[in-house]
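What follows is a single structure, written as structure tokens, with notes after it.
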Amino acid sequence: MNVLFPILRRISFLLFTAISLPVAGTQQTHSVATLKSDFAQLYQQLQEAHRDLFANISKPEYDAHYRRFLNDITSPMSDSQARIYFQRFVALGNIAHARIDLPVSDFMAFREAGGKTLPLYPSLRGNRAFVESYYGNEEKIEPGQEIIAINDKPVAQWVKQFSQYLSAENQAISNTLLEMYFPYLMWLEVGEPDTFTLTVKTKTGPQALSINALNREQQQASVAQRAAKTDEPSPLREYRMLDGNIGYLRPGPFYNAEEADDNVWDATAFKQLIDNAFTHFQQQQATALLIDLRDNPGGTNSFSDYMVAWFADQPFRFASDFSVKVSQQAIRSNEKRLEQSNDTGDTSHVLQSFYDKSDIGDIFSMALPHAEPRQGKRFEKPVFVLINRYSYSNAVSVAAIIQDYGFGTLIGEKTADLATTYGAMEHFTLPETGIEVGFPKALIVRPNGSRVPDGVSPDIEFDFDAAGSGDRSVLEQVAEIIRQNGVHTENKP
């Protein structure tokens, strides 16, 4: 995955791999009666299934929003319009794992048909924006340049306007999502203008630049021109040796991203890759290991535990407490997952045993089984883990396990996603529109017991923005950090 195009990478990696997108094309139009009926179902089922729908917003306040949204349904909506409208309501709860996926496929179809879009992907820090990737022809726009305004509207106002579409616990999480969705959300708000006005900060003060909206072919030409000057994209998963005899493992997502959707929880190929990787590191006599969890969308611990077991020196589990709300929606989702699982000891089977002896609405703390260190040969050299603000979900849990149990050292930047969080997302489908709604069934508390909703902070901070261009530059600098932390490395002949 090309480091000079991190935003495009995150879009393809997260949106088109981890998220199920609605199909673009001729859309059904939903009547007012249908919309009102399903909107009522949406709120009712969220209250039934969500672990704590009112954790960040009071019930009276959410009730008031519900009445306002319901009363504002006064005309029919297309499927995409309904998804967006319903998601804006779900997003009010400020929980990332409660969401309706936005109909991004409409945007992709628009681009495929020659539609012009903003050729810019920003990096957002708080209410400030910086140029990360630009695929236009205005030479005065440079990577890292601060963007003050777009179309004469301050960046902070765009951030607030776009945030209404996204479910997130805090601004840091919202910003990482906004970066991925930015051209799409701009398209939703302003349509297809021929030009945009970008006001950037320069040494001599603010400067307003007119940039052309470009179609897909024009942006691809810009991408190809830049890609010709860079390394080949990295694979989804890889392992190899770095200079200094340091093993390098990019495990990729902790689910089966290579196979069809009905095989997403089959860990057979993943486990084989992990075994091959650690066997290779041992054969090469690696003196340290670097695990790369940057930009990792997460997955399930039935994958990640197998990796961690290779270097764990004591039993471990991904949470100190995992309290689950029992609902018909969660039970149905779990039953679908059980149909794909051959491992009778995995979390889904454990959940089913609790569901069988619980009543609807109960909340139980599941006694999570500890994963055991691997029997036989293990990797016993120092382990380092790269994390960034785009490490999500189970990738954050893996980082927390490694830090809290002392299995390794974290390098990078604080994750935007939370280690203690409402998660373990399941889905239900609204009966009339067929819209799929995600909800968190559990409160997950990180291994060290902290209930503070916060990301995982690295043991050693690393400024990726200042590291220079290219993944090689980052890994070379991280390898130097590993050497500085007392790991003896050498270049083998």
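The values are calculated or read from the model by the stated rules, or taken from the named source; none is laboratory data. Just so it is clear, the structure is predicted and the values come from calculations on it, not from any experiment. Cβ sites come from the backbone with ideal geometry, for glycine too, and all protein chains shown count toward neighbours.
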Can Val308 be described as more than 24 Å from the chain's Cα centre (by Cα), at pLDDT 95 or above and crowded, with 17+ Cβ neighbours inside 10 Å?
no
With the requirement that a residue be more than 25 Å from Lys381 (Cβ to Cβ) and among the β-branched types (Val, Ile, Thr), what does segment 235-291 give you?
Val264, Thr268
What about Arg88, is it at pLDDT 95 or above, closer than 30 Å to Thr199 by Cα and either outside the structural domain of Leu209 (by TED's automatic domain parsing) or among the aliphatic types (A, V, I, L, M) (or both)?
yes
Taking into account only those residues within segment 1-28 that are of a type in the set (Val, Ile, Thr) and either assigned to a helix (DSSP H, G or I) or at pLDDT 95 or above (or both), which is farthest from Ser473 (Cα to Cα)?
Thr17
Flagged in segment 149-200 as more than 19 Å from the chain's Cα centre (by Cα) and under 29 Å from Thr420 (Cβ atoms), in numbering order, are Ala156, Lys160
Single residue of segment 459-489 satisfying the filter (touching an Asp or Glu at 6+ places or on another chain (Cβ under 8 Å) and modelled with pLDDT of 75 or more) that is farthest from Asp404 (Cα to Cα)
Glu476
Across segment 64-107, what is the total count of residues that are touching a residue at least 60 places away in the same chain (Cβ under 8 Å) and within 21 Å of Phe439 (Cα to Cα)?
21
Is there a residue in segment 388-402 that is surrounded by fewer than 17 Cβ atoms within 10 Å (Cβ to Cβ) and either more than 26 Å from the chain's Cα centre (by Cα) or within 19 Å of Thr176 (Cα to Cα) (or both)?
no
In segment 362-383, which residues are over 29 Å from the mean Cα position of the chain (by Cα) and free of Cβ contacts under 8 Å to residues at least 60 places away in the same chain?
Asp362, Gln375, Gly376
Of the residues that make up segment 292-304, is at least one assigned to a loop (DSSP other than H, G, I, E, B), of a type outside the set (D, E, K, R) and over 24 Å from the mean Cα position of the chain (by Cα)?
no
